[in-house]
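These notes concern the structure reproduced below.
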Amino acid sequence: IKTEGIYIDNSTSTGKAFITVPDGSNSCVISYPGANAFFDVEQLNKCTHLLTNTDYCLISTELSPEVVAYAIKRCKKLNVKIFLKPATTSKIERTLLSKIDYLVPNETELEQLVPGPETIPEKAEELFKLCKNTIIVTMGAKGCYLKSSEYSHFFPAAPFSPVDTTGAANCFI
């Protein structure tokens, strides 16, 4: 495992997420950003050489908006395709959406990006018109919905009974 680009911040602890399933089906996530809250553009600049000869980069909006925007711009400059996981949708600059190759929201994040009574396909279509990129809506045990220039299709999840689907989108990507 390559560890280049991993830095230790001795002034704080690492980020943490605690996931509980209090009622047996719906999860509750309590998160603490830890050192991730201090990750800035200067630190990202120290790591951009890692994008050389890279095909894809996964960016999460759990980082600061400045870091997300800068990472997207650097990836575009280096022709690296971008997967964006919009964990905190309020931090996404709408102007950056057109620079993302694959936007991967879950149902809740999709609702925050495109509020209203529309269906998942209708919301994905609306996002697609805005972004012109591939939209993959993860739907836990129900599967996912793909909207691209070529496809508009629901894909069912693998046939098994999960206890909880928390983290499934992260595994999916």
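Coordinate-derived values only; no laboratory data. Please read all numbers here as calculations on a predicted model, not as lab measurements. Virtual Cβ from ideal backbone geometry, glycine too; neighbours counted across all protein chains shown.
Restricting the GluC sites (Glu not before Pro) of the range 61-100 to loop positions (DSSP other than H, G, I, E, B) with no more than 13 neighbouring Cβ atoms within 10 Å leaves Glu93. Computed on the chain, with alpha-carbon pairs under 8 angstrom and 6+ residues apart, the relative contact order is 14 percent. Once the Cβ-Cβ distance between Thr14 and Thr119 is put in as r, and R0 is 35 Å, what FRET efficiency do you end up with, to the nearest 0.05? Here the calculated transfer efficiency is 0.35. In the structure shown, the pairs Lys2/Lys132; Lys73/Lys147; Lys77/Lys142; Lys2/Lys123; Lys76/Lys123 are assessed against 31 Å; a Cα-Cα span above that value is assigned to Lys2/Lys132; Lys77/Lys142; Lys2/Lys123.
Full extension of the chain between Glu4 and Asn79 gives 24.9 nm of extra length, using 0.36 nm per residue less the Cα-Cα distance. Please figure out what share of the DSSP beta bridges in the range 17-173 is antiparallel and state it in percent, rounded to the nearest 5. In the range 17-173, DSSP labels about 55 percent of beta bridges as antiparallel. Taking Thr52, Thr134, Thr88 in turn, the Gaussian network model of the chain (Cα-Cα springs below 10 Å) assigns the largest fluctuation to Thr52.
If I build a Gaussian network model for the chain, linking alpha-carbon pairs within less than 10 angstrom, which residue out of Val68, Val21, Val41 has the largest mean-square fluctuation? Of Val68, Val21, Val41, the most mobile in the Gaussian network model is Val21. Phi angles of the range 119-127 translate, via the Karplus equation with coefficients 6.51, -1.76, 1.60 and θ = phi - 60°, into HN-Hα couplings of 6, 4, x, 5, 5, 5, 5, 4, 5 Hz per residue; Gly and Pro are given as x. If a/c stays under 1.5 just call it rounded; otherwise compare a/b with b/c (prolate if a/b is bigger, oblate if not). Do that for the range 40-172, with a ≥ b ≥ c from the square roots of the Cα gyration tensor eigenvalues. Cα axes put the range 40-172 in the prolate bin.
Gaussian network model of the chain, Cα springs within a sub-10 Å range: biggest mean-square fluctuation belongs to which of Asn53, Asn36, Asn106? Checking each option, the largest mean-square fluctuation is seen for Asn53. Distance between the C-alpha centres of the range 96-127 and the range 18-64: 20 Å, rounded to the whole angstrom.
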